[in-house]
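Inspection log for the structure reproduced underneath, given as structure tokens.
A short reminder: the numbers here are calculations on the coordinates, not readings from a lab. These numbers come from a predicted model, not from an experiment. Cβ placement follows ideal geometry from the backbone for every residue including glycine, while neighbour counts extend to all protein chains displayed.
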Amino acid sequence: MTAVIPPPFSGRELSNPPTDGISNLRFSNHSDHLLVSSWDKTVRLYDAGTNVMRGEFMHGGAVLDCCFHDDSSGFSASADNTVRRLVFNYEKEDILGRHDAHVRCVEYSYATGASGQERTLIGTYLQPERVYSLSLVGNRLVVATAGRHVNVYDLRNMSQPEQRRESSLKYQTRCVRCYPNGTGYALSSVEGRVAMEFFDSSEASQAKNYGTFATGGCDGFVNIWDGNNKKRLYQYSKYPSSIAALSFSRDGSLLAVASSYTYEEGDKPHEPDAIFVRSVNEIEVKPKSKPYPNPPA
């Protein structure tokens with residue numbers, strides 16, 4: 001009997017998407033709220049479960065990154081040189097800092113217990129090159145820069161990097177994301193490769209800590225990978241445009257996909273920017289168990 005192949009399904013498309021390139025999107029740690037930053041100078045908050053936009057803030061320039069503070073507030077990094085705190089429930093925004101150049105990345109540390117309202121600059125930490133991506137887990141901060149540099153800091157002692165590394169990938173870093181369990185980070189590059197790295201580089205640590213993760217490329221495909229066995233578990237149907245950002249919900253049941261042209265082929269006509277939210281089936285993300293040989297007769 002021939003198996004029936006289900007039709008392509010990209011997920012539910014959210015209403016009121018940004019009108020220009022999507023720079024990032026993130027699910028809340030507490031709900032299905034989704035925060036989205038864009039080159040159209042906005043940060044938008046959606047309820048991904050009900051497909052409702054709950055609020056929007058306009059900036060003076062493109063918004064290059066965003067992150068949550070709590071379920072109804074967050075932070076933005078903008079090309080207008082500001083870092084802002086955005087409170088959607090009260091339609092209130094505060095400028096926490098003004099810089100001399102565009103702000104590329106922003107992260108909020110839950111481990112430090114800060115309220116998010118402080119405007120005191122704690123420190124400035126020079127990097128070897130331009131910062132392309134940041135990621136936080138617990139008290140560890142990972143900074144990925146141009147020149148394939150990676151600096152790992154302990155937030156409790158920022159006087160110098162805990163580790164200074166070089167990307168194991170050949171080409172420019174695009175994104176870094178820490179593992180939720182705090183053991184390491186995944187690093188992607190513009191060539192379309194991903195490296196799995198660990199803070200403890202021993203073989204024993206690497207063998208037991210690889211996990212399942214998702215990647216999105218300029219080819220419009222989203223892939224789910226088993227890092228332990230270095231195998232692809234699943235590939236979703238092709239999206240209309242480049243995959244600019246991805247985010248799993250807090251329990252992994254939803255995956256938000258930013259289908260948004262990233263200008264890898266220069267200025268050209270392209271599909272409208274869109275956000276899709278799809279339900280994740282266990283079969284798509286669960287690593288396949290290795291078959292055991294039959295016992296000797």
With the dipole of the chain worked out from charges on the C-beta (+1 for Lys and Arg, -1 for Asp and Glu) around the Cα centre, which of SER38, LEU233, GLY21 lies farthest toward the positive end? LEU233
Cβ charges +1 (Lys, Arg) and -1 (Asp, Glu), total dipole of the range 49-178, debye: 480 debye
If HIS270, HIS59 are placed from fewest to most neighbouring beta carbons inside 10 Å, the sequence is HIS270, HIS59
Efficiency of FRET between HIS30 and ARG130 - r from beta-carbon atoms, R0 41 angstrom, step 0.05: 0.80
Within the chain, helix-based [θ] at 222 nm, where runs of 4 or more DSSP H residues each add -39,500 (n - 2.57), nearest 500: -1000 deg cm²/dmol
If one computes P(r) from the Cα atoms of the chain, what percent of pairs lie at distances over 33 Å? 23 percent
With +1 on each Lys and Arg Cβ and -1 on each Asp and Glu Cβ, how big is the dipole of the range 127-210 about its Cα centre, in debye rounded to the nearest 20? 200 debye
Listing TYR110, TYR90 from the residue with the fewest other Cβ atoms within 10 Å to the one with the most, what is the order? TYR90, TYR110
In debye, nearest 20, what is the charge dipole magnitude of the chain about its Cα centre with +1 on Lys and Arg Cβ and -1 on Asp and Glu Cβ, if you could check? 760 debye
Normalized C-alpha radius of gyration of the range 2-107, against 2.2 N^0.38 Å? 1.20
Residue order, fewest to most beta carbons within 10 Å, for LEU246, LEU86: LEU246, LEU86
